[in-house]
1. Name, by its number, the condition in (1) surrounded by 21 or more Cβ atoms within 10 Å (Cβ to Cβ); (2) more than 19 Å from the chain's Cα centre (by Cα) that does not hold for Q105.
2. Would you confirm whether or not region 54-70 contains a residue that is assigned to a helix (DSSP H, G or I) and touching a Phe, Trp or Tyr at 6+ places or on another chain (Cβ under 6 Å)?
3. Out of the residues in region 56-76 that are in contact with a Pro (Cβ under 9 Å, 6 or more places away or on another chain) and under 25 Å from A154 (Cβ atoms), state the one that is surrounded by the fewest Cβ atoms within 10 Å (Cβ to Cβ).
4. What are the residue pairs meeting all of these: first residue in region 192-221, first residue farther than 19 Å from D31 by Cα and part of a helix (DSSP H, G or I), second residue acidic (D, E) and modelled with pLDDT of 95 or more, Cβ atoms under 6 Å, and 6 or more apart or on different chains?
5. Could you list, in sequence order, all residues of region 100-123 that are under 18 Å from K168 (Cα atoms) and among the acidic types (D, E)?
6. Could you list, in sequence order, the residues of region 77-102 that are outside any helix (DSSP H, G or I), aliphatic (A, V, I, L, M) and crowded, with 20+ Cβ neighbours inside 10 Å?
7. Answer with yes or no whether F8 is closer than 25 Å to K168 by Cα, buried (at least 23 other Cβ atoms within 10 Å of the Cβ) and without any contact (Cβ under 8 Å) to a residue 60 or more places away in the chain.
8. Given the criterion within 17 Å of H19 (Cα to Cα), among the acidic types (D, E) and either within 19 Å of the chain's Cα centre (by Cα) or at pLDDT 95 or above (or both), identify the matching residue among D156, D136.
Amino acid sequence: MRGHFITFEGGEGSGKSTHAAALAQRLKSLDLEVVLTREPGGSTGAEIIRHILLSGIAKPLGAETEAILFAAARDDHVRSTILPALDAGHWVICDRFIDSTRVYQGILGNVDQRLIRSLERVTVGPAVPELTFILDVPAQVGLARAKSRRGQDAADRFEAESMEFHEKLRQAYRALAGEEPARCVLIDGRAPRDVVAEKIWSTVRERLHPDTAGIAEATGT
């Protein structure tokens, strides 16, 4: 039986990594096999490209080049990590995926959406998320969280963008959630952590039924 694929999206400091990890742990508590991964990264080749992208080395080359680099990283990630896990019947939880490219490079970087979709067709194939949580926080709140998290470290390529950029990013994600309600669930990331986690869990239970999935895996049905 094929596994399930869930992604987390949102602006910087919205809580994606925290809640992706929390969901993975909750699924594991049901004795389910879970792969927690991220983008850019999640495989050997993709982690190398991650360093290039987040360091800002590729920024002068333009948003199209960045989109192509993200696609190269995604191709390795999907082939090496995501598809093998799904084919083995595991649950895959990914911190960022196709929607980040659609928003960061497509909408804010003005990369032609036809190129974005073409890259998706080549790299993603059958690895399309069934469920995507978009964590929504005001840009000022998210950037403050990101700054607190990194401490004395320098901001990465995308955290270092202007407040205007990050507010536009938020609006782009909100628009995306409205365009694809069957897949995307918009959640107020300003709520207490346990409240957000419970909303995520109740959605996963309603749509993907993890409580019965563990029984099915154990019985081989």
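1. Single failed check for Q105: (2).
2. no
3. Result: L69.
4. Close Cβ pairs satisfying both conditions: none exist.
5. First, the residues of region 100-123 that are under 18 Å from K168 (Cα atoms): 100-113.
Answer for region 100-123, where residues must be under 18 Å from K168 (Cα atoms) and among the acidic types (D, E): just D112.
6. Of region 77-102, the ones outside any helix (DSSP H, G or I) are 88-97.
Cutting the leftovers down to aliphatic (A, V, I, L, M) gives us 88, 92-93.
Those that are outside any helix (DSSP H, G or I), aliphatic (A, V, I, L, M) and crowded, with 20+ Cβ neighbours inside 10 Å: V92, I93.
7. Details: closer than 25 Å to K168 by Cα: yes; buried (at least 23 other Cβ atoms within 10 Å of the Cβ): yes; without any contact (Cβ under 8 Å) to a residue 60 or more places away in the chain: no.
Answer is no for this residue.
8. Numbers: D156 fails: within 17 Å of H19 (Cα to Cα).
Answer to the selection: D136.
The values are calculated or read from the model by the stated rules, or taken from the named source; none is laboratory data. Small disclaimer: the values here were computed from a predicted structure and weren't measured. Heads up, the Cβs are rebuilt from the backbone with ideal geometry, glycines too, and the neighbour counts pull from every protein chain shown.
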